[in-house]
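Okay, so here's the structure we're looking at.
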Amino acid sequence: MEVIRTISDLRARLSGEPRVALVPTMGNIHEGHLSLVHIGHAQAPLVVTSIFVNRLQFGQGEDFDHYPRTFADDCEKLAAAGNHIVFHPDETQLYPEPQVFVVEPPPIANKLEGRFRPGHFRGMATVVLKLFNAVQPQIAVFGKKDYQQISIVRHMVDQFALPLSIVRAETVRAPDGLALSSRNRFLCEVERAEAPRLHRALARVKEQVEAGDLNFEAIEFGADTELARHGWHIDYVVVRSRRTLMQPEDDEKELVVLGAAKLGATRLIDNLEILAP
Ligand code: PAF
């Protein structure tokens, strides 16, 4: 597996490659990321995984400095999964001067995750556009765990007519249902045992809606109460339209329940798609 650190070396290496799949990551690679690499493999002969901890998408008081940086370990896992190239630029490559041009996402970026992480999606969309320009992939693979992120990236690709397709990958879960995430490593033993409750609460919401109960407010309240009873600090548990991530229209069927809550100092997010009857 090759490691490339500059945009010019990457461009030189990729020139003439007919089809490239990009898996953008911030490192601390786990099975969830590896599933994106496998999907990339199925879609293109060359898979590039980028590893870059993007300062722009971290807000004040967020964990940029403490974000786990595990490059050697990441490379071992990626090589074993058959990844071909790791693109690992440093900040002087991606941000040689302060990034004054930014991607300003639409107002939905200030809701849900954006409400609790102001500026997060602006920073995310800006670096993703930059990575797309550096790699110029034909496809890019993102995990559905960051549901709002994919929705914003797809909209950006559409509006800027970027010449690539976004592939959405299912969330990979531990056997007890906990969605894999780099943040899980911050959970102590007791919290780790409690953490799957978020998935169970969302699964219960899904079950209720799919059984025909469309009183979303009451159902969301039920999930909040259950989590709060077990010591969670809830940011949101909401049923939304998959298409707009806004409150569903009356007859809308393709829904998603999105949840974000803190267990101790660790903030977890998860979601499940719902098909209303
Ligand atoms: O999902 C992530 O890890 C990041 O938001 C991404 C897409 C790599 C951009 O920094």
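Structural remarks
- In plain terms, the chain from Arg19 to Ala193 could stretch by 58.4 nm, reckoned as 0.36 nm per residue minus the Cα-Cα distance.
- Taking other C-beta atoms within 10 Å as the exposure proxy, Thr70, Thr225, Thr25 rank Thr225, Thr70, Thr25 from fewest upward.
- Across the stretch 150-260 the C-alpha pair distances fall into 10 Å bins from zero in the proportions 12, 37, 33, 16, 2 percent.
- Taking amide H atoms as placed 1.01 Å from N in the peptide plane, the amide H of Leu187 has no partner under 5 Å among residues 5 or more positions away or on other chains.
- Loop-located trypsin sites (Lys or Arg not before Pro) in the stretch 1-88 (DSSP state not H, G, I, E or B) with no more than 15 neighbouring Cβ atoms inside 10 Å: Arg5, Arg19, Arg69.
- Residue pairs exceeding 29 angstrom between C-alpha atoms, taken from Lys206/Lys262; Lys111/Lys144; Lys130/Lys253; Lys77/Lys145; Lys144/Lys253; Lys111/Lys262: Lys130/Lys253.
- Shown here is the pair-distance distribution of the chain: with all Cα-Cα distances grouped in 10 Å bins from zero up to the longest one, the shares run 6, 28, 36, 22, 7, 1 percent.
- For Glu217, Glu76, order by how many other beta-carbon atoms lie within 10 Å, fewest first: Glu217, Glu76
- Whole-Å semi-axes of the ellipsoid equivalent to the stretch 1-89 (Cα gyration tensor, √5λ, descending): 23, 15, 11
Values quoted throughout were computed directly from the atomic coordinates according to the rules given, and no laboratory measurement underlies them. It should be emphasised that the depicted structure is a prediction, and the values quoted were computed from it without experimental measurement. Positions of Cβ are backbone-derived with ideal geometry, glycine not excepted, and every protein chain shown enters the neighbour counts.
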